[in-house]
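**Q** Handing you this structure, nothing more for now.
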Amino acid sequence: MDKIPRSLASEDPDKSSLIGEVVRSPTSWKRNLAVLWIAQVFTVAGFSFSFPFIPFFVQELGIKGEGQASLWAGLVQASMGLAMVATSPVWGLVADRYGRKINMLRASFGGAIFIFLSAFSSNVYQLMFFRFFTGVFSGTFGPAMALVAAVCPRNKLPFAMGILQSAFFTGTTIGPLFGGLIADAWGFQGAFLGTAVLLGIAGVIVMLFVREDFHPPANLSVFQRHAYVNLFHLLTSRELVPVLGTFFVVQFAPVISFVVLPIVIASIATSNIGSVTGIAFGVTGLAGGLSSYGAGMLTKRVRMTRILTVACVGMSIVIFPLFFVREMWLVYLFLACGGVFQGAMLSMGGGLVGLAVPSEVQGAAFGALQSVTVSAFTLAPLTGGGIASQFGPRWVFPAQSVCLLGAALLAKILLAARVGKQAEVPRDAPKVEDNTESGCSS
């Protein structure tokens, strides 16, 4: 990479001590992938317990009106997102210094504590305060992707990232379904408490079963002195900027409707709003999980940039009709179709980033990807809430469709032209057996 300092390149033996290294061992890399997949399912399911119901929780805390509830739900999410945007690259540097596993433990247990506290908020300002610190201390997907990328054979990386991304959609399938049942039975506070419990379980799984033999930098003082300079060079590198820029839009577009979808569903459904909303999000997650797994397999034959472009166009087409529908079965149908394309879209991000940077700085790179993701998750609800408050909730869906077409255009022009060929796995890459030196030992 042209702007990444040579101190970050493993081929420079005199300076490689500045970056921590995950030592590869005969242990199967698939073991860590499987354990991290399970942990991520618990984590995402936990957040999905409460995320779809934030607009309703905001209304319980005294905010009246659909438009205002959507706007405040966006602001609450933004408080968490802004904190995560600012801290994710820093946590990525911590991972490169102290190891990816301990970084995941920080995210799991830190998130559990502040989600637990947010359940006892008495007004929206307290809720926003606790969500902010949830953003500071949570965020497991970046560390999980960095750990997988550090131990996975390079020619298996797109497949591994597709599998890991499927955990996101599996969690978003399970979480809203059970979260909706809990919300109907014990209120929306119960959904937040369920989130805290599941994040704690995920942390225990990582602590007990993830194996990492991490060697920290030998020269800590030099590492600390150059850490932020190296991070700046990484984030402005020619290889990484197009990927991060494109994936900001890719992540932004699907999330615009998140804060208004529960409001739209409430205007259609007549009873059991929590369960019906949970099913709607669960249908999307189920379709996305199956799709992300299939997209990971498809990267063996089709370029990732092409998969990304087609998926963006497809989701744009199937989301637009939600502006018109007045029946729940049609809502489920179009959300399921959108989930298929969304799963393919999001599963490409980790693979493109992992192949664009040296393994020694993947902690910081995936921290940057997480910042981009959270930036999208921060601005998209605000955008959706603003559109809903000005024009009505349903006008968010046409705006979402236009954004998806913009994402397809960026993927086609920016990624395919600048990093498409460099970020593809060679078709003639040698196969790596399960027992090769590609795992982590304890």
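The values are calculated or read from the model by the stated rules, or taken from the named source; none is laboratory data. The structure displayed is predicted, hence computed values, not measured ones. Quick reminder, even Gly has a Cβ in these numbers, built from the backbone with ideal geometry, and neighbours come from all protein chains shown.
**Q** Which condition number does Gly135 fail, the rest of (1) within 19 Å of the chain's Cα centre (by Cα); (2) at pLDDT 85 or above; (3) more than 21 Å from Trp72 (Cβ to Cβ) being met?
**A** Failing condition for Gly135: (3).
**Q** Within the range 104-148, track down each residue that is aromatic (Phe, Trp, Tyr) and in a helix (DSSP H, G or I).
**A** The answer is Phe109, Phe114, Phe116, Tyr125, Phe129, Phe130, Phe132, Phe133, Phe137, Phe141.
**Q** Which condition number in (1) of a type in the set (Gly, Ala, Ser); (2) part of a helix (DSSP H, G or I); (3) in contact (Cβ under 8 Å) with a residue 40 or more places away in the chain is the one that Ala185 fails?
**A** Here Ala185 meets the rest and fails (3).
**Q** Moving to a separate point now. Could you figure out which of (1) at pLDDT below 75; (2) of a type outside the set (A, V, I, L, M, F, W, C); (3) surrounded by fewer than 24 Cβ atoms within 10 Å (Cβ to Cβ); (4) within 30 Å of Met128 (Cα to Cα) isn't true of Gly350?
**A** So the condition that Gly350 fails would be (3).
**Q** Quick check: is even one residue across the range 316-335 surrounded by 19 or more Cβ atoms within 10 Å (Cβ to Cβ), within 17 Å of the chain's Cα centre (by Cα), at pLDDT 80 or above and closer than 18 Å to Ser401 by Cα?
**A** Scanning the range 316-335 turns up no residue that is surrounded by 19 or more Cβ atoms within 10 Å (Cβ to Cβ), within 17 Å of the chain's Cα centre (by Cα), at pLDDT 80 or above and closer than 18 Å to Ser401 by Cα.
**Q** Moving on. Among the residues of the range 373-397, which ones are surrounded by fewer than 20 Cβ atoms within 10 Å (Cβ to Cβ) and more than 24 Å from the chain's Cα centre (by Cα)?
**A** Ser389, Gln390, Phe391, Gly392, Arg394, Trp395 - these are the residues of the range 373-397 that are surrounded by fewer than 20 Cβ atoms within 10 Å (Cβ to Cβ) and more than 24 Å from the chain's Cα centre (by Cα).
**Q** In this structure, does Phe56 turn out to be under 22 Å from Leu244 (Cα atoms) and surrounded by 20 or more Cβ atoms within 10 Å (Cβ to Cβ)?
**A** no
**Q** Taking the criterion of being of a type in the set (D, E, K, R), modelled with pLDDT of 80 or more and either crowded, with 22+ Cβ neighbours inside 10 Å or under 30 Å from Pro89 (Cα atoms) (or both), would at least one residue in the range 234-256 satisfy it?
**A** Within the range 234-256, not a single residue is of a type in the set (D, E, K, R), modelled with pLDDT of 80 or more and either crowded, with 22+ Cβ neighbours inside 10 Å or under 30 Å from Pro89 (Cα atoms) (or both).
Each row is one residue, and each column tells you yes or no for (1) crowded, with 24+ Cβ neighbours inside 10 Å; (2) free of Cβ contacts under 8 Å to residues at least 24 places away in the same chain; (3) under 19 Å from Thr173 (Cβ atoms); (4) among the acidic types (Asp, Glu).
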residue: Thr270; (1), (2), (3), (4): no, yes, no, no
residue: Ile279; (1), (2), (3), (4): no, no, yes, no
residue: Ala287; (1), (2), (3), (4): no, no, yes, no
residue: Ala295; (1), (2), (3), (4): yes, no, yes, no
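**Q** Hey, can you tell me all the residues within the range 64-74 that are surrounded by fewer than 18 Cβ atoms within 10 Å (Cβ to Cβ) and in contact (Cβ under 8 Å) with a residue 12 or more places away in the chain?
**A** The one that is surrounded by fewer than 18 Cβ atoms within 10 Å (Cβ to Cβ) and in contact (Cβ under 8 Å) with a residue 12 or more places away in the chain: Gln68.
**Q** Name the single residue, out of those in the range 254-279 being outside any helix (DSSP H, G or I) and touching a helix residue (DSSP H, G or I) at 6+ places or on another chain (Cβ under 7 Å), that is farthest from Gly338 (Cα to Cα).
**A** Asn272
**Q** Could you check, for the range 149-163, whether at least one of its residues is part of a loop (DSSP other than H, G, I, E, B) and not aliphatic (A, V, I, L, M)?
**A** Within the range 149-163, one or more residues are part of a loop (DSSP other than H, G, I, E, B) and not aliphatic (A, V, I, L, M).
**Q** Hey, another quick one. Filter the range 78-92 for residues that are within 19 Å of Phe214 (Cα to Cα) and out of contact with any Phe, Trp or Tyr (no Cβ under 8 Å at 6 or more places or on another chain); which is surrounded by the most Cβ atoms within 10 Å (Cβ to Cβ)?
**A** Checking each candidate, the answer is Trp91.
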